[in-house]
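I have placed the structure first, in the form of C-alpha cells, so that the comments after it can refer back to it.
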Amino acid sequence: QVQLVESGGGLVQAGGSLRLSCAVSRSIISIYAMGWYHQAPGKQRELVARLTSGGKTNYADSVKGRFTISRDNAKNTVYLQMNMLKPEDTAVYYCNALLLPTDYWGQGTQVTVSS
C-alpha cells in the first residue's frame, strides 16, 4: 500500500512558476515509476511527466522545456517544477506511483493559471 499526498498547487499568472510536491508513504527507490498527470474539466487524465527508478524521464510534448520532474529519495518525495506556465496548464494535478503491478494515486492539487 502506498499513500501519496500532493501539495504546492495554487493560482499563478501566466509566465509564472509553481513547484508541486508529492510525499510518498514509503521508500520510492523500489517504485518502478513516479509520475504526474493532470486532468482539466471535461477532459481525460493525461500524463505530464514520468520518472522511472532507473532515471528515465518522459514528458508530454506540451510541457517539454518548461516542466521538470525530479525526486529526493531521502525525503521520499517527487517534485514537478513548472515554469513558464500557460492558461492551458490549468488542471488538477495528480501524483502517481507505479509499484508493479498496481497504480496508486494522490488526491490531486489544483493549479490555475490566469491570463
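Whether a residue is of a type outside the set (Ser, Thr, Tyr), over 21 Å from residue 112 (Cβ atoms) and open to solvent by 30 Å² or more (accessible area, probe 1.4 Å) was assessed, and residue 54 passes this test.
Among the residues making up segment 77-98, a single one is open to solvent by 40 Å² or more (accessible area, probe 1.4 Å) and within 26 Å of residue 31 (Cα to Cα): 81. Considering only residues in segment 19-49 that are over 12 Å from residue 69 (Cα atoms) and crowded, with 17+ Cβ neighbours inside 10 Å, the one that is nearest to the chain's Cα centre (by Cα) turns out to be 38. Just one of the listed residues (2, 63, 78) is among the β-branched types (Val, Ile, Thr) and touching a residue at least 60 places away in the same chain (Cβ under 8 Å), and it is 2. Those strands (runs of 3 or more DSSP E) of the chain in which at least 1 residues are of a type in the set (Ser, Thr, Tyr) and out of contact with any strand residue (DSSP E or B) (no Cβ under 6 Å at 6 or more places or on another chain), considering only elements entirely within it, cover 102-105.
Criterion applied to 48, 5 was being closer than 21 Å to residue 114 by Cα and among the aliphatic types (A, V, I, L, M), and the one residue passing it is 48.
The values are calculated or read from the model by the stated rules, or taken from the named source; none is laboratory data. Only a predicted model underlies this, so the values are computations on that prediction, with no experimental measurement involved. Methodologically, a virtual Cβ is constructed for each residue, glycine included, from the backbone with ideal geometry; neighbour enumeration extends over all protein chains shown. The accessibility values were calculated without ligands, DNA or RNA, using every heavy atom of the protein model including side chains. Shrake-Rupley method; radii C 1.70, N 1.55, O 1.52, S 1.80 Å.
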